[in-house]
Amino acid sequence: MIIICISGVIYSTFHCYVKVYVHLYSQKGESRALSLQKGVYYVGIQLCSAITILYIQLFDRRKDDEFRAFVKRVTMSDFFKIIMISAVGSNAFFTALWTSYEIRYRLFRLLELSEFFFVSICTSELAMKIYVDSTGYWKDGYNILDVVIFIIMFLPYIFRKLLGKQFIYLHIADGIQSLRILKLISYSRGIRTMITAVGQTVYTVASVLLLLFLLMYIFGVLGFCLFGSPDTGDYDNWGNLAVAFFTLFSLATVDGWTDLQKQLDNRSFALSRAFTIVFILLAAFIFLNMFVGVMIMHTEDSIKKFERELMLERKMTIMEEKQVILQRQQEEVSRLMHMQKNADCKSFSELVENFKKTLRHTDPMVLDDFGTSLPFIDIYFSTLDYQDMTIHKLQELYYEIAHVLGLMLEDLPQKKPQSLEEVDEK
């Protein structure tokens with residue numbers, strides 16, 4: 001904020017200086033006054049930039065680690081991210097309104113105010129991040145993208161002030177302001193993951209596109225020779241290699257291929273249908289599907305990697321919270337040991353009992369015992385289920401054994417019982 005204030009004061013001083021001198025020199029000629037205004041504006045912008053960079057470098061050498069850590073926490077906080085996302089989103093909304101000449105005329109002041117608000121926030125963000133880490137900031141590609149967007153932001157103002165409103169490329173500078181919405185990339189991890197997936201497919205996709213180009217080159221030359229005759233051929237679609245490439249691209253995307261084929265059929269080319277079918281099969285159904293498949297595979301890999309990173313971050317967060325709780329418990333125990341020396345308790349057990357009375361059910365506790373861990377409980381319940389199943393099977397086996405023994409007893413031959421007289425004789 002100090003940097004912004006210093007730059008604003010200097011620029012305002014030069015602005016007043018320009019107004020005074022333009023008024024004084026306006027009598028000597030309008031062209032001279034205009035050139036003087038442009039020159040002083042340019043000098044003022046350069047001076048503000050130089051002072052800003054010098055201030056950053058000098059201020060960066062100060063050993064203010066506490067304030068630097070505070071600014072870093074601010075830039076990394078969720079609230080700061082919400083502010084930046086809201087600012088970018090609102091600027092995109094006002095840019096959409098700006099495309100309507102009627103709305104631009106009615107809400108001119110509101111659009112100017114929103115533009116000033118967005119530029120101020122982006123300037124503050126850039127200054128804070130460079131202040132936190134002036135060296136490491138330039139090592140991140142997304143930070144370089146933010147700097148490029150920041151420079152693009154000032155191109156319309158620079159062109160209007162230095163080159164005038166009649167500059168022929170001024171509409172291009174206004175059009176590329178739509179790139180501002182790319183600042184959302186640095187604040188969206190999902191978008192960064194998708195960009196990483198696209199970047200990983202560059203070499204594979206380049207190989208597929210090279211094969212497709214070779215195929216189009218072969219069929220382009222072949223189509224020119226077959227159908228590109230100026231007299232009897234389709235000269236508008238196959239008259240030269242460039243036009244043939246455009247026609248083959250339409251066939252590859254299967255967009256309007258029936259009209260192209262109808263024009264060839266009207267000229268009674270014998271091989272036109274075979275030519276069209278073979279190229280569409282190779283280009284549309286093989287190479288384009290291969291291109292989509294490569295993109296899907298790398299996207300899935302990036303999504304899995306992203307999920308693993310999220311899981312690792314959750315584990316690290318849980319470990320940090322656990323360490324905090326353990327440290328707090330150790331501090332409590334140390335405090336109890338210190339209190340024991342100055343307290344009236346007879347023993348440490350009595351002190352612990354008194355401490356238990358102050359505990360609440362909502363107090364967090366860390367259970368490091370193996371028997372209380374979730375994996376052990378899961379395995380223990382699974383073991384009990386297997387034990388119940390084993391007992392059930394043993395019971396069924398015992399019933400079957402008893403049933404078989406009963407059948408065996410029924411099949412045994414039965415002996416007649418001896419009378420009492422026979423027993424007496426024996």
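Okay, residues lined up against (1) touching a Ser or Thr at 6+ places or on another chain (Cβ under 9 Å); (2) modelled with pLDDT under 85; (3) open to solvent by less than 100 Å² (accessible area, probe 1.4 Å); (4) under 30 Å from LYS322 (Cα atoms):
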position: ASP363; (1), (2), (3), (4): no, yes, yes, yes
position: VAL366; (1), (2), (3), (4): no, yes, yes, yes
position: SER373; (1), (2), (3), (4): no, yes, yes, yes
position: PHE381; (1), (2), (3), (4): no, yes, no, yes
position: LEU394; (1), (2), (3), (4): no, no, yes, no
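Which of the residues that make up the stretch 299-327 are touching a residue at least 40 places away in the same chain (Cβ under 8 Å) and open to solvent by less than 80 Å² (accessible area, probe 1.4 Å)?
Those that are touching a residue at least 40 places away in the same chain (Cβ under 8 Å) and open to solvent by less than 80 Å² (accessible area, probe 1.4 Å): THR299, SER302, ILE303, PHE306, LYS322, ILE325, LEU326.
Say we look at the stretch 130-147 and pick out the residues that are farther than 10 Å from SER186 by Cβ and part of a loop (DSSP other than H, G, I, E, B); which of these is least open to solvent (accessible area, probe 1.4 Å)?
Residues of the stretch 130-147 that are farther than 10 Å from SER186 by Cβ, as a first pass: 130-139, 144, 147.
Those still in the list that are part of a loop (DSSP other than H, G, I, E, B) too: 133-135.
Details: ASP133: 74, SER134: 22, THR135: 94 Å².
Residue satisfying both the conditions and the ranking: SER134.
Just to check your reading of the model, which residue among GLY175, GLY89 is in a helix (DSSP H, G or I) and touching a Leu at 6+ places or on another chain (Cβ under 9 Å)?
Just a single option satisfies the conditions, and that option is GLY89.
Taking interchain pairs and intrachain pairs at least six residues apart, which have beta carbon atoms under 7 angstrom, with the first residue in the stretch 103-119 and free of Cβ contacts under 8 Å to residues at least 40 places away in the same chain and the second open to solvent by 60 Å² or more (accessible area, probe 1.4 Å)?
ARG104/TRP98; LEU111/TRP98; LEU111/ARG104
Please work out if PHE279 is over 30 Å from GLY190 (Cα atoms), more than 44 Å from the chain's Cα centre (by Cα) and in contact (Cβ under 8 Å) with a residue 40 or more places away in the chain.
In short, no.
Determine which single condition SER268 fails, assuming it passes every other condition in (1) modelled with pLDDT of 80 or more; (2) in a loop (DSSP other than H, G, I, E, B).
(1)
The values are calculated or read from the model by the stated rules, or taken from the named source; none is laboratory data. Quantities reported herein were computed from a predicted structural model and do not represent experimental measurements. Reconstructed Cβ throughout: ideal geometry from the backbone, glycine too, with neighbour counts over all protein chains shown. Areas reflect the complete protein model, heavy atoms only, side chains present, ligands, DNA and RNA absent. Shrake-Rupley method; radii C 1.70, N 1.55, O 1.52, S 1.80 Å.
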